[in-house]
1. Can residue 4 be described as assigned by TED's automatic domain parsing to the domain that holds residue 311, in contact with a helix residue (DSSP H, G or I) (Cβ under 7 Å, 6 or more places away or on another chain) and closer than 28 Å to residue 249 by Cβ?
2. Within region 122-144, take every residue that is in a loop (DSSP other than H, G, I, E, B) and under 19 Å from the mean Cα position of the chain (by Cα) and give me the one that is farthest from residue 235 (Cα to Cα).
3. With respect to residue 309, is the statement that it is out of contact with any strand residue (DSSP E or B) (no Cβ under 6 Å at 6 or more places or on another chain) and over 30 Å from residue 41 (Cα atoms) true?
4. For region 90-107, which residues satisfy the criterion of being touching a helix residue (DSSP H, G or I) at 6+ places or on another chain (Cβ under 7 Å) and under 19 Å from residue 204 (Cβ atoms)?
5. Does region 396-415 hold any residues that are more than 20 Å from residue 339 (Cβ to Cβ) and outside any strand (DSSP E or B), and which are they?
6. Would it be correct to say that residue 317 is free of Cβ contacts under 8 Å to residues at least 40 places away in the same chain and surrounded by 19 or more Cβ atoms within 10 Å (Cβ to Cβ)?
7. As an exercise: evaluate residue 151 against (1) surrounded by fewer than 17 Cβ atoms within 10 Å (Cβ to Cβ); (2) farther than 25 Å from residue 250 by Cβ; (3) in contact with a strand residue (DSSP E or B) (Cβ under 7 Å, 6 or more places away or on another chain) and give the number of the one condition it does not meet.
8. Take residue 7 and tell me if it is free of Cβ contacts under 8 Å to residues at least 60 places away in the same chain and over 30 Å from residue 169 (Cβ atoms).
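The values are calculated or read from the model by the stated rules, or taken from the named source; none is laboratory data. Quick caveat: nothing in here was measured; it's all calculated off a predicted structure. We place every Cβ from the backbone using ideal geometry, glycine too, and count neighbours over all the protein chains shown.
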């Protein structure tokens with residue numbers, strides 16, 4: 001049975017499970033003729049409408065607090081997590097024990113594909129909040145026999161001392177926080193060149209697939225290997241770094257039906273072209289998602305001699321559709337700015353301001369100077385690199401060291417006015 005045949009079977013099994021009891025999807029399935037399943041994946045992608053974050057958010061507002069995307073009676077659900085709310089109000093997402101195990105099993109794939117094994121130790125240097133994030137990474141690691149060190153409720157220095165004391169091989173955090181920890185270590189005179197940490201699995205931001213960011217993290221942590229990963233609370237863990245090519249994100253194709261489509265036409269994009277990632281969760285029946293528009297912009301590429309239904313993502317998550325800003329005809333994404341910023345060793349934290357209130361959209365950047373050189377020299381070099389990258393003049397100013405916010409979870413450096 002090839003991958004497309006596996007997908008079709010899993011999809012139709014899911015539809016049988018949800019069609020009669022899930023109020024959110026029963027009408028959609030009935031309207032498109034799919035209430036009893038689909039004859040092919042092609043028919044599914046042609047007939048089944050997209051699910052959007054906007055309609056899910058509206059459904060949660062109209063039917064608080066959980067919405068109507070529930071297949072089972074409420075007592076069946078034992079886990080509640082919450083989306084980050086970056087595109088609006090946070091949404092609650094529920095899981096049954098069976099669905100939660102499906103989510104955990106997907107994160108087990110991430111661990112195993114990165115080379116982790118039973119007997120290893122992993123540290124989780126962040127406070128566990130309501131979003132899915134690393135709750136599932138922690139539980140997946142524990143089920144694999146990995147010793148787990150929760151490091152919430154501590155300062156960055158305390159976390160570094162915990163790493164020094166217990167000597168974990170693995171660390172899970174955002175790219176921003178991995179960089180921040182290495183900066184704190186440098187300020188405190190702690191040497192990470194001989195750190196026990198040899199693998200850093202990052203997520204929450206696209207930095208792990210940006211070569212400049214990846215190189216800075218690996219250098220700051222004494223050559224530890226950075227592995228990228230991405231997922232969403234409402235979807236689960238979706239991708240992991242290709243062990244041989246860090247510029248590729250592999251999709252957990254066994255459990256997700258993935259498409260990449262043109263944002264405007266909805267047509268599938270050719271390999272090598274940029275489109276929006278569409279996901280169907282094939283094993284999360286309690287709160288399923290069918291043809292979910294993730295908003296993530298990706299570049300699909302073929303992966304050797306594997307099943308033609310499988311593909312990888314070149315360059316990881318390139319950006320989000322709702323984050324893109326067009327400035328004088330140039331498409332700007334946070335990840336593209338980050339690539340340029342991290343190509344300069346002298347830039348600490350930074351903030352980008354997009355001002356839409358002017359007749360023409362204006363972009364400006366504030367940075368902290370950690371170069372040891374003059375502010376003028378840093379500004380000149382950064383503005384030059386921005387011009388070379390985007391053919392735009394983007395003004396840069398310098399802020400006092402330590403004045404810009406630090407981020408433990410998702411960094412929010414993109415400030416849009418108007």
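1. Taking the combined requirement at face value, the residue satisfies it.
2. 125
3. no
4. Those that are touching a helix residue (DSSP H, G or I) at 6+ places or on another chain (Cβ under 7 Å) and under 19 Å from residue 204 (Cβ atoms): 91, 103, 104, 107.
5. If the condition is that a residue be more than 20 Å from residue 339 (Cβ to Cβ) and outside any strand (DSSP E or B), then 400, 401, 402, 403, 405, 406, 408, 409 are the ones that fit.
6. No.
7. (1)
8. No.
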